[in-house]
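Written out below as structure tokens is the structure these notes cover.
The values are calculated or read from the model by the stated rules, or taken from the named source; none is laboratory data. Predicted model only: the values in this text are computed from it and were never measured. Cβ sites come from the backbone with ideal geometry, for glycine too, and all protein chains shown count toward neighbours.
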């Protein structure tokens with residue numbers, strides 16, 4: 001009998017414990033895992049915390065067989081094992097639920113679950129057997145999954161449940177949960193936490209990765225914190241505070257609560273009136289969208305991913321055509337202007353896809369700092385670039401915005417996610433805009449960089465900047481926004497005052513189950 005079948009002969013057999021001991025992983029010029037010890041036990045939910053680049057992903061990729069450690073060992077139920085691939089990982093009963101769902105949209109739930117698995121009927125899928133097992137698991141864990149449903153017809157929260165069923169069906173006794181709540185409403189988060197707790201109660205071991213400290217305290221039993229590739233420590237969740245964990249992650253005191261002073265509203269900077277937008281597939285992504293944003297305020301946009309936020313940002317930036325309706329910037333009709341004309345009109349844009357839309361990844365840090373402005377003084381003289389001025393400009397922004405980079409000549413692709421975001425923020429704010437679109441400004445960004453970006457946005461608000469903040473992080477939206485626009489299916493479900501609306505009310509609006517209106521801002 002093989003080593004694997006000795007360990008896990010019956011699929012969902014209990015994993016009593018898993019230890020990673022002395023794990024070392026080196027990449028050129030980087031020690032990503034520095035003799036890391038980590039363990040998880042049956043029946044517990046163990047959080048793994050750390051800033052971007054701390055080593056969380058590297059450690060979990062080693063556990064899942066995507067990387068091989070240079071040193072160290074993995075011990076399962078008291079016996080050393082070798083994991084050479086994700087297939088090995090699954091055979092040992094280790095599964096992973098990714099932040100971005102690994103599902104094929106145009107086939108059924110049962111077909112997704114069966115993909116890649118051997119059938120008892122040769123070339124024919126035994127979908128009736130698969131469906132019966134899915135229904136059994138769904139009933140046991142309250143997952144409410146229909147095996148015959150087409151994935152593309154399911155809401156985001158339902159797709160998350162399909163991922164859980166898929167992992168359980170394939171015999172996962174230990175689950176790595178990589179930012180599993182990133183695209184869920186507050187109600188969906190509560191529901192999925194009930195499922196995770198039930199799984200732990202049934203003897204599963206869960207490793208939970210999240211940047212959201214509220215979730216850590218609501219769900220987990222223990223927390224392990226990585227910093228710079230080293231394990232700082234493992235603590236019982238009940239024995240520490242948010243401030244303790246933030247300090248462990250960053251190595252200094254972090255301001256967790258944002259103080260948002262009363263807004264000093266000025267003139268209307270952006271006005272949208274009955275704007276309708278249709279995408280390339282002929283689907284209406286914005287429906288009669290009307291909004292005013294004043295100088296000195298931050299208006300947040302909340303909604304589940306895919307409900308018109310991206311279309312809204314790209315439409316204002318001139319990247320998506322308006323089918324009907326009007327857009328004004330500082331009282332000037334800018335409907336239909338090109339992106340370059342919008343930027344020249346006083347718009348700055350922090351895009352959702354920073355590597356695709358925010359930087360040219362093979363350009364240097366200095367070159368990325370002047371992407372929109374390289375053809376204008378003081379960065380050019382006629383057809384020639386003024387390299388000395390560009391160097392001074394980049395150096396000042398790197399210093400002012402604390403961008404960690406080996407040099408100005410370093411390609412943007414070599415920076416961490418947080419530092420790329422700081423680079424974009426520095427460039428866009430240095431242009432002294434009249435109106436700023438900040439789309440997912442801290443997505444995937446660690447707690448230290450998030451603190452800095454939030455402080456910058458609030459400082460610009462105090463300086464009179466008008467900002468449209470688009471974020472799927474409700475805590476971020478509520479902390480920074482004066483008013484919140486809630487989108488569902490491209491339609492406004494309400495425009496509410498941030499300090500007067502509850503998270504639960506926002507969740508109902510995001511799900512399209514409630515409409516709310518509160519008094520609008522006036523200068």
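Numbers for the structure displayed
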read-out: The range 293-305, residues that are in a loop (DSSP other than H, G, I, E, B) and crowded, with 18+ Cβ neighbours inside 10 Å; value: 295, 296, 297, 303, 304
read-out: Filter result for residue 489 (on the phi > 0 side of the Ramachandran plot and either touching a strand residue (DSSP E or B) at 6+ places or on another chain (Cβ under 7 Å) or not assigned by TED's automatic domain parsing to the domain that holds residue 154 (or both)); value: yes
read-out: Any hit, the range 208-218, residues being touching a strand residue (DSSP E or B) at 6+ places or on another chain (Cβ under 9 Å) and over 18 Å from residue 249 (Cβ atoms); value: no
read-out: Residues of the range 216-229 satisfying the condition of being surrounded by fewer than 21 Cβ atoms within 10 Å (Cβ to Cβ) and in a strand (DSSP E or B); value: 222, 227
read-out: Residue in the range 269-292 that is in contact (Cβ under 8 Å) with a residue 40 or more places away in the chain and either in the same structural domain as residue 152 (by TED's automatic domain parsing) or in a helix (DSSP H, G or I) (or both) present; value: no
read-out: Meets criteria (touching a residue at least 24 places away in the same chain (Cβ under 8 Å) and surrounded by fewer than 15 Cβ atoms within 10 Å (Cβ to Cβ)) for residue 409; value: yes
read-out: Residue within the range 409-416 that is assigned by TED's automatic domain parsing to the domain that holds residue 478 and over 22 Å from the mean Cα position of the chain (by Cα) present; value: no
read-out: Selected residue (criterion: farthest from residue 510 (Cα to Cα)) from residues of the range 161-174 that are out of contact with any helix residue (DSSP H, G or I) (no Cβ under 6 Å at 6 or more places or on another chain) and assigned to a helix (DSSP H, G or I); value: 167
read-out: When residues of the range 394-414 are limited to those that are assigned to a helix (DSSP H, G or I) and touching a strand residue (DSSP E or B) at 6+ places or on another chain (Cβ under 9 Å), the one farthest from residue 448 (Cα to Cα); value: 394
read-out: Among residues of the range 386-402, those that are within 28 Å of the chain's Cα centre (by Cα), surrounded by fewer than 14 Cβ atoms within 10 Å (Cβ to Cβ) and closer than 12 Å to residue 370 by Cβ, counted; value: 0
read-out: Test: residue in the range 66-88 that is in a helix (DSSP H, G or I), modelled with pLDDT of 90 or more and more than 26 Å from the chain's Cα centre (by Cα); value: yes
read-out: Subset of the range 141-160 (residues that are touching a helix residue (DSSP H, G or I) at 6+ places or on another chain (Cβ under 8 Å), in a helix (DSSP H, G or I) and at pLDDT 85 or above); value: 141, 151, 159
read-out: Residue in the range 230-246 that is assigned by TED's automatic domain parsing to the domain that holds residue 46, outside any strand (DSSP E or B), modelled with pLDDT under 90 and crowded, with 16+ Cβ neighbours inside 10 Å present; value: yes
read-out: Filter result for residue 421 (in a helix (DSSP H, G or I), over 16 Å from residue 210 (Cβ atoms) and under 14 Å from the mean Cα position of the chain (by Cα)); value: yes
read-out: Residue under evaluation residue 388, criteria (1) in a helix (DSSP H, G or I); (2) under 30 Å from residue 481 (Cβ atoms), criterion not met; value: (2)
read-out: Among residues of the range 256-283, those that are in contact with a helix residue (DSSP H, G or I) (Cβ under 6 Å, 6 or more places away or on another chain) and modelled with pLDDT under 95, counted; value: 2
read-out: Residues located in the range 457-472, provided they are over 16 Å from residue 269 (Cβ atoms) and either surrounded by fewer than 19 Cβ atoms within 10 Å (Cβ to Cβ) or in the same structural domain as residue 227 (by TED's automatic domain parsing) (or both); value: 458, 459
read-out: Tally, over the range 196-215, of residues that are in contact with a helix residue (DSSP H, G or I) (Cβ under 8 Å, 6 or more places away or on another chain), surrounded by fewer than 20 Cβ atoms within 10 Å (Cβ to Cβ) and part of a helix (DSSP H, G or I); value: 4
read-out: Pair list, Cβ < 7 Å and 6+ apart or interchain, from the range 58-71 residues that are in the same structural domain as residue 83 (by TED's automatic domain parsing) to residues that are surrounded by fewer than 19 Cβ atoms within 10 Å (Cβ to Cβ) and at pLDDT 95 or above; value: 69/24; 70/24; 71/22; 71/24
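Residue-by-condition table, conditions (1) in contact with a strand residue (DSSP E or B) (Cβ under 8 Å, 6 or more places away or on another chain); (2) farther than 23 Å from residue 438 by Cβ; (3) buried (at least 21 other Cβ atoms within 10 Å of the Cβ):
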{"residue": "317", "(1), (2), (3)": "yes, no, no"}
{"residue": "324", "(1), (2), (3)": "yes, yes, no"}
{"residue": "327", "(1), (2), (3)": "yes, no, yes"}
{"residue": "341", "(1), (2), (3)": "no, no, no"}
{"residue": "351", "(1), (2), (3)": "yes, no, yes"}
{"residue": "360", "(1), (2), (3)": "no, no, no"}
{"residue": "363", "(1), (2), (3)": "yes, no, no"}
{"residue": "384", "(1), (2), (3)": "no, yes, no"}
{"residue": "419", "(1), (2), (3)": "no, no, yes"}
